[in-house]
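Quick one: structure below, then a few questions.
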Amino acid sequence: MEVDFLVQLPNQRFVAIEVKTTPMDMTASQIHLLDSLKLNIVEKWMVSPTRSTDFAQAKVLVLNQIFSNLERLM
């Protein structure tokens, strides 16, 4: 099991990012993996070419929204 990106923000905070062609929520295995890392993961994102509603575990972003959302967290 894996997550595509783990972005480190200031103050030891992180954003976990999964990239899919079709948006879907992060799986229980992915959440377990992220929890096992014992990191301060402040947001989980699902990035795809199309927008849909957010999921229980992940916020859905369109590809071009990545940097503006990272800037918001800085």
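When only DSSP loop residues count, what GluC sites (Glu not before Pro) in the chain have their Cβ near at most 12 other Cβ atoms within 10 Å?
E2
Would you please classify the overall shape of the chain from the alpha carbon gyration tensor, given that a ≥ b ≥ c denote the square roots of the eigenvalues, rounded means a/c under 1.5, and beyond that prolate means a/b larger than b/c while oblate covers the rest?
Working: a/c = 2.05, a/b = 1.12, b/c = 1.83.
Oblate, since a/c reaches 1.5 and b/c is not below a/b.
Coordinate-derived values only; no laboratory data. Keep in mind the model is a prediction, meaning the values are calculated, not measured. Note that each Cβ is placed from the backbone with ideal geometry, even for glycine, and that neighbours are counted across all protein chains shown.
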